[in-house]
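Structure, as structure tokens:
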Amino acid sequence: MSIYPNNMFSTKQTCWFIRKVICWRAVASIAWAVLLLPPITAVFVILSRFNLLHPIHTITECFSLLTSASAIFSFILLGGVILMVGFLNLEYYTVIPAIACSKIALLGQLLHPRQFLNSLVHCIMGLIVAWCCAVFIGGSYETLSYPCMQSDGSSQMCLNEYHLVLMLAGAFVGFSHSLLGVIHNMNYVSFHTVQQYKYLRFKGSLPLVVKCSATQALYSIRNFIALYFFLGYIPRAWICKTLNLHLNSSIHALDSIAGLLDLSLLYQLWMSATFLLFTWYITLLLFRIFVTEVCSFPVQSSFNEDVHQCLPKVLTGKQPMILKFLALQDLALLSQRSPSRRCEVFSLSQPGGHPHNWNAISRECLSLLADLTQRLVAYHDTVATNGRAKSLSTGSERKTSSETSVISGTEDLMSPRPTMFMKTPASVFSRSIIGGAQSPLTVPFTPDLDSPFASPALRRLTAPAEQCSPWYGTVQSPHIMRRAPKLWSTSTDSQANGSLPPSPASVPSPKQEASKPSLLAQFLQNRKEQVKNFLAKRVLIMYLFNKLPEASSQALFADSQAHIWALEGLSYLVQASFSEDQFGVVQTTLPSILSCMLVLQEAVDRHFKLPHASSKPVRSTSSMGDSTYKTLRFALRATLKTAIYRITTTFGDHLNAVQMSAEHRKRLQQFLEYKE
């Protein structure tokens, strides 16, 4: 969770949100998980000790065990584990999944030092849960050593390998759970489309939690048994040497086929792993339910100290991602269901009579949509060139620090940022602007717009906000664009003043002419190219470094839930303005709204013509990882088309009076005639 203390409002609002909303919701989810721990443990004890021949005696023995001192101590340890799991959920959760676009990127995530620490903590927690399970199971699993008789009749302490295997299995399951959490994005928190009470959501998800826990436990125990069969002698010998224990020669070692085919051992391992995963998944499920609960923000406030909690300020400020998502969710809900709050959005400020609420909300939503449009255009342009880096023009080689840099694959592609994205900090997202024009735009692929080979349509799509259309104005040739790299190399100050510096092509720079690469730099560059060419011929290297088209498309739409809410909020507000907007504040921005939606719709249509974007991935049902991000692009396409139809069916022929380009009017006419 990121905190940006750049101004007074952002600092106050972030502290208020974390202290009064997120922290309390996380605490409530952990408290419920701890309260559910005793009944879950009681079920586990009954299942692990159940005897078909003596059912009444088994149940009585289980309840007497649950009230013993050792069981109470185990409950305390399990409660501490639940607290730690809840803390890790709060620490690692995200509303935008980190999608690896290549095999090497996924390997880098698994080998990250922070992930290594996370895996180590899960290993220790799995060990603690396994020890508690050994206490609950009892019998031959309870202690690590037991007295045994030697061949000469003397007594000695022998290693209880059943207890050792159970402990190692718990550590292995915890480690596996940590790695699968990265692979399946289990820290991703999605927002449900249909709003439900927390109890109903929990009850509906409970069968899935049981199924996922049992299935993953089965696979984890299978992998552990195979690993212990080959390497089990290592921990066994180390424990015996460290604790001065002996091996009982009359019992089969568990790293043999005869030892591992013990059905009772396999059942206890599976039940213990299921219990471990079930308690952790219940904690994760409760955290997701509580964190994504709807949060209502006031549209406006009469007190200055509460202004930072109002919806327009939350949307336009630099906030944590979860706060941005909750604000956009609230915007989508109020635009559909709350006429009184919609009136506050359409209201004018006093004194002055300015529609500050509507201006802030619409500007942020349009900025989000324009940001996605630019990413889609850049992605499509790069895919069209087969992902190769384009040669930079003379003017583009001398860019100023106000430009944004993008890394695509192993090549550095320079991507300028239009002025339309400098007006509002459009995103909360890792791949959008947070601090203005100087922050990096990290998208899967981004083309070089200054290249003389870049298409004119691409440049028109990334024109300033006043145009917001690839058809605005006259069409320039690529040669004219090549002679004017100054449009993308201006500083922020010059753009704010409305003046442009002289073109680098027309005004020579003595410093730049004198700064030539040294012999050492040329030597290193040549060696770098030779290494890259050598590695490119190796199949394994290309397998690891090649981009995954499906994953790249998913990463492009990873934050599209925010754009879906922005589309719904704008379209419903525009629809309601037809009868509720008394001052006509929405009609002033209606051309911009329609233009941005139509441009985005064209970019989305172009993206879905790519072969990897049109195939819908199969949702996994055997993991607790939320895979809804894989289908966000389809939800966005449907929402976008519905939003445009919502506006056209409301205003009808009145839209003919809206000023727009001929291409936009032609495309809008298809919606008016229901031909899209």
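The values are calculated or read from the model by the stated rules, or taken from the named source; none is laboratory data. Remember, it's a predicted structure, so these values are computed and weren't measured experimentally. Neighbour counts are summed over all protein chains in view; Cβ atoms, including those assigned to glycine, are modelled from backbone coordinates with ideal geometry. SASA here: full protein model, heavy atoms, side chains in, ligands and nucleic acids out. Shrake-Rupley method; radii C 1.70, N 1.55, O 1.52, S 1.80 Å.
Before moving on, here are some points about what is shown:
- Taking (1) closer than 23 Å to residue 564 by Cα; (2) open to solvent by less than 20 Å² (accessible area, probe 1.4 Å); (3) of a type outside the set (A, V, I, L, M); (4) not in a helix (DSSP H, G or I) in turn, residue 633 satisfies each apart from (4).
- Qualifying residue in region 147-159 (condition: at pLDDT 90 or above and touching a helix residue (DSSP H, G or I) at 6+ places or on another chain (Cβ under 7 Å)): yes
- The residue that is most open to solvent (accessible area, probe 1.4 Å), counting only those in region 88-111 that are under 19 Å from residue 176 (Cα atoms) and over 17 Å from the mean Cα position of the chain (by Cα), is 111.
- Any hit, region 152-163, residues being farther than 30 Å from residue 292 by Cα, part of a helix (DSSP H, G or I), out of contact with any Gly (no Cβ under 9 Å at 6 or more places or on another chain) and in the same structural domain as residue 273 (by the TED database): yes
- Residue ID - nearest to the chain's Cα centre (by Cα), chosen from residues in region 120-174 that are open to solvent by 30 Å² or more (accessible area, probe 1.4 Å) and polar (S, T, N, Q): 143
- Scanning region 639-676 for residues that are among the hydroxyl-bearing types (Ser, Thr, Tyr) and more than 23 Å from residue 332 (Cα to Cα) returns 661, 674.
- Any chance residue 660 is in the same structural domain as residue 579 (by the TED database), touching a Cys at 6+ places or on another chain (Cβ under 9 Å) and surrounded by 14 or more Cβ atoms within 10 Å (Cβ to Cβ): no
- The residues on offer are 643, 603, 638, and the sole one that is open to solvent by 50 Å² or more (accessible area, probe 1.4 Å), part of a helix (DSSP H, G or I), outside the structural domain of residue 211 (by the TED database) and hydrophobic (A, V, I, L, M, F, W, C) is 638.
- Subset of region 552-563 (residues that are open to solvent by less than 10 Å² (accessible area, probe 1.4 Å) and part of a helix (DSSP H, G or I)): 552, 553, 555, 556, 560, 562, 563
- Residue match in region 21-30 (condition: modelled with pLDDT under 95, over 23 Å from the mean Cα position of the chain (by Cα) and either open to solvent by 70 Å² or more (accessible area, probe 1.4 Å) or within 19 Å of residue 131 (Cβ to Cβ) (or both)): no
- Filtered residue count, region 625-676, keeping only those that are in contact with a His (Cβ under 7 Å, 6 or more places away or on another chain) and either more than 30 Å from residue 208 (Cα to Cα) or at pLDDT 90 or above (or both): 1
- One residue alone among 577, 622 is at pLDDT below 90 and of a type in the set (Gly, Ala, Ser), and that residue is 622.
- If you go through region 220-250 and keep only what is loosely packed, with under 14 Cβ neighbours inside 10 Å, part of a helix (DSSP H, G or I) and of a type in the set (Ser, Thr, Tyr), you end up with 233, 242.
- The sole residue among 70, 48 that is among the small types (Gly, Ala, Ser), in contact (Cβ under 8 Å) with a residue 24 or more places away in the chain and either within 29 Å of residue 289 (Cα to Cα) or surrounded by fewer than 18 Cβ atoms within 10 Å (Cβ to Cβ) (or both) is 70.
- Output for region 535-574, where each listed residue is among the β-branched types (Val, Ile, Thr) and at pLDDT 85 or above: 564, 574
- Residue match in region 338-356 (condition: in contact with a helix residue (DSSP H, G or I) (Cβ under 8 Å, 6 or more places away or on another chain), crowded, with 23+ Cβ neighbours inside 10 Å and in a helix (DSSP H, G or I)): yes
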